[in-house]
Amino acid sequence: MFGNISILFAHLGFAAAALLRVCAAVSAEEDKADYSGDQVYRVFTHNASALVHDMIRPVVGSQYDVWMQNDKFVDVRLGRDAFAEIARENSLEYEVYVSDIEAAIRDTMPGNSQYDVNSDSMQHAFGSYGGDLFFDEYRDLHTIDLWLQLLEQTYPSLVKLEQITTTPEGHPLNVVHVSAQNTEANPDKKTIVISGGLHAREWISVSTTLFMLQRLLQEYGQDKSTTHYLDSLDFLFIPVFNPDGYEYSWHGDRLWRKNRQATGVEQCPGIDLDRSFNYEWDESEAHEYPCSESYNGGAPFAAAETKAWHEYLGGIKGDYRIFGYLDLHSYSEEILYPYGYSCEAVPRDFENLLELAFGLAKAVRLTTRKNYDVVAACKDAGSDLTPGMGGGSALDYMYHNRARWALQLKLRDTGSHGFLLPPKFIRPVGHEIYAALRYFCGFILNPEM
Ligand SMILES: [Zn+2]
């Protein structure tokens, strides 16, 4: 692992590499969450609520975690013995999806492969599409922050790193502003916002955001369409929207989802960033418990990260024409369109919004043959069944306030690995979503839109 990192930062010299070694060594001593007795089960049921509240809770209390649910099945993590009992008593129809969670977690961590600091592969870190070691593995927060600095140094005329706040745990929350700096030539320049990592454990959303960022920069001046997109559009990338949570998912609990902010309950820190925005923020019971995985923070923008983004967007980016928004999550291979908070609310310009969503799905399909479903965000959130379930999301907030076109992308896979997608999928997912982004750019630059 250290070999990789040292090589990655050969440009930054030994100081940076040494710093990384220290950070990694300290964090290795922390206690880590242990999931060795648990599995992830796909239970086939039309009634997720009954499964969770009437069958699972009475047996295990809060010792379970719903990974995903829809009107056909529920993916849930819980202890083997408890599940066996629950399944037997209720005659559940199910399949084991992740049988060894600890092994699956280990598979998402960088391996020990060593590289020579002076090898050619490093020389190509930012120079070629294929030779970049960075996307061999998921990268921790320190590595990503240093990589972003390296990116800014490599592309000074295109990239500006903007730290919009320091998180409660002292990490920078970075926005990467990509601009060909020709605003005078394009007074009406539109801006696309892309965010990853609102939920800490969804690592593929972080790597995919970074992948798209890098491809855009590498192809500028090389690829005709990309050059056109970058000359005509500005981009704001937020690769790690939840730095504290992401850091904790590396060194404390791989399956952590929320941020790490203190709540009213000491043993239950963390606010769900994707419930913390002010548009249709949900006051219902479902999201008011600090120990819930979807805790809404008690008030809109209670989370430091979403508050900082709101102020940044309304402040120094207040006059930007935010035209597009893509919010990356995992998992389920879906493209979600607004609104999340309610299925009654009809999105504006619905026909074109659908055309856009299906266009993205087609771009993915033509790249890797993966079929992403186009779904209303309210259905995915369950707010068609339980009103308020999808309130306070980044998608609705951006769509309502600033972005003419906004979608949430739930990346791979469909459940075999769930949140624990192995790193060999980083590049394929990067390629397919980058293709979707290119379609998105073309759509937004269509003068009729
Ligand atoms: Zn998510």
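Given the condition charged (D, E, K, R), open to solvent by 10 Å² or more (accessible area, probe 1.4 Å) and within 18 Å of the chain's Cα centre (by Cα), answer yes or no: does some residue in the range 334-354 qualify? Before the answer, list the steps.
From the range 334-354, those charged (D, E, K, R) are 334, 344, 348-349, 351; that's our starting set.
Then keep just the ones that are open to solvent by 10 Å² or more (accessible area, probe 1.4 Å); that gives 334, 344, 348-349, 351.
Keeping just the survivors that are within 18 Å of the chain's Cα centre (by Cα) gives 334.
Taking every residue of the range 334-354 in turn, at least one turns out to be charged (D, E, K, R), open to solvent by 10 Å² or more (accessible area, probe 1.4 Å) and within 18 Å of the chain's Cα centre (by Cα).
Can you pull out the residues in the range 230-247 that are under 15 Å from I194 (Cα atoms), more than 16 Å from the ligand (Cβ to nearest atom) and in contact with a helix residue (DSSP H, G or I) (Cβ under 8 Å, 6 or more places away or on another chain)?
To start, the set of residues in the range 230-247 that are under 15 Å from I194 (Cα atoms) comprises 230, 233-242.
After this cut, where a residue has to be more than 16 Å from the ligand (Cβ to nearest atom) as well, the list is 230, 233-237.
Once the filter is applied, which keeps residues that are under 15 Å from I194 (Cα atoms), more than 16 Å from the ligand (Cβ to nearest atom) and in contact with a helix residue (DSSP H, G or I) (Cβ under 8 Å, 6 or more places away or on another chain), the range 230-247 yields L230, L233, F235, F237.
Among residues belonging to the range 186-216 that are over 20 Å from G324 (Cβ atoms) and of a type outside the set (D, E, K, R), point out the one that is farthest from the ligand (Cβ to nearest atom). So that I can check it myself, show each step before the final result.
Looking only at the range 186-216, we keep the residues that are over 20 Å from G324 (Cβ atoms), and these are 199-204, 207.
Pick out the ones that are also of a type outside the set (D, E, K, R) and you get 199-200, 203-204, 207.
Numbers: H199: 3, A200: 9, W203: 11, I204: 11, S207: 14 Å.
Per the stated criteria, the residue is S207.
Looking at the structure I just gave you, is V175 open to solvent by 10 Å² or more (accessible area, probe 1.4 Å), of a type in the set (V, I, T) and either touching a residue at least 24 places away in the same chain (Cβ under 8 Å) or within 16 Å of the ligand (Cβ to nearest atom) (or both)?
Details: open to solvent by 10 Å² or more (accessible area, probe 1.4 Å): no; of a type in the set (V, I, T): yes; either touching a residue at least 24 places away in the same chain (Cβ under 8 Å) or within 16 Å of the ligand (Cβ to nearest atom) (or both): yes.
So V175 does not fit the description; no.
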Residue tally, condition under 17 Å from D65 (Cα atoms) and aromatic (F, W, Y), over the range 287-304: 2
Pair list, Cβ under 6 Å, 6 or more apart: the range 207-236 residue assigned by TED's automatic domain parsing to the domain that holds I322, other residue of a type in the set (D, E) and surrounded by fewer than 19 Cβ atoms within 10 Å (Cβ to Cβ): T226/E219
Candidate set from the range 315-331 (those that are in a loop (DSSP other than H, G, I, E, B) and surrounded by fewer than 22 Cβ atoms within 10 Å (Cβ to Cβ)); member that is farthest from the ligand (Cβ to nearest atom): D319
One residue from W250, W256 being at pLDDT 95 or above, aromatic (F, W, Y), within 15 Å of the ligand (Cβ to nearest atom) and farther than 26 Å from N401 by Cα: W256
Qualifying residue in the range 406-413 (condition: away from the ligand (no atom under 16 Å from the Cβ), open to solvent by 10 Å² or more (accessible area, probe 1.4 Å) and not in a loop (DSSP other than H, G, I, E, B)): no
Residue check for I192: modelled with pLDDT of 95 or more, more than 18 Å from F419 (Cβ to Cβ) and open to solvent by less than 10 Å² (accessible area, probe 1.4 Å): yes
The range 75-104 residues that are in the same structural domain as H53 (by TED's automatic domain parsing) and under 15 Å from H53 (Cα atoms), paired with ones that are open to solvent by 60 Å² or more (accessible area, probe 1.4 Å) and at pLDDT below 95 (beta carbon under 8 Å, 6 or more apart): D75/Q69; L78/Q63; A82/Q63
Per-region count, the range 338-354, residues at pLDDT 95 or above and within 16 Å of the ligand (Cβ to nearest atom): 1
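Can you tell me which of Q39, Q69, Q63 is modelled with pLDDT of 95 or more, of a type outside the set (A, V, I, L, M, F, W, C) and closer than 26 Å to T108 by Cβ?
When all the criteria are applied, what remains is Q39.
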Pick from the range 54-70, criterion over 16 Å from L255 (Cβ atoms) and in contact (Cβ under 8 Å) with a residue 40 or more places away in the chain, ranking: most open to solvent (accessible area, probe 1.4 Å): Q69
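Residues of the range 268-295 being more than 15 Å from the ligand (Cβ to nearest atom) and closer than 23 Å to M398 by Cβ, which ones? Give the derivation first.
Initially, the range 268-295 is screened for residues more than 15 Å from the ligand (Cβ to nearest atom), giving 268-269, 278-286, 288-291.
Matches in the range 268-295: N278, Y279, E280, W281, D282, E283, S284, A286.
The values are calculated or read from the model by the stated rules, or taken from the named source; none is laboratory data. Being a predicted model, the structure only gives us computed values, none of them experimental. FYI the Cβ positions are ideal-geometry reconstructions off the backbone, even for glycines, and counts take in every protein chain you see. Remember, those area values only see protein heavy atoms, side chains included, never the ligands or the DNA or RNA. Shrake-Rupley method; radii C 1.70, N 1.55, O 1.52, S 1.80 Å.
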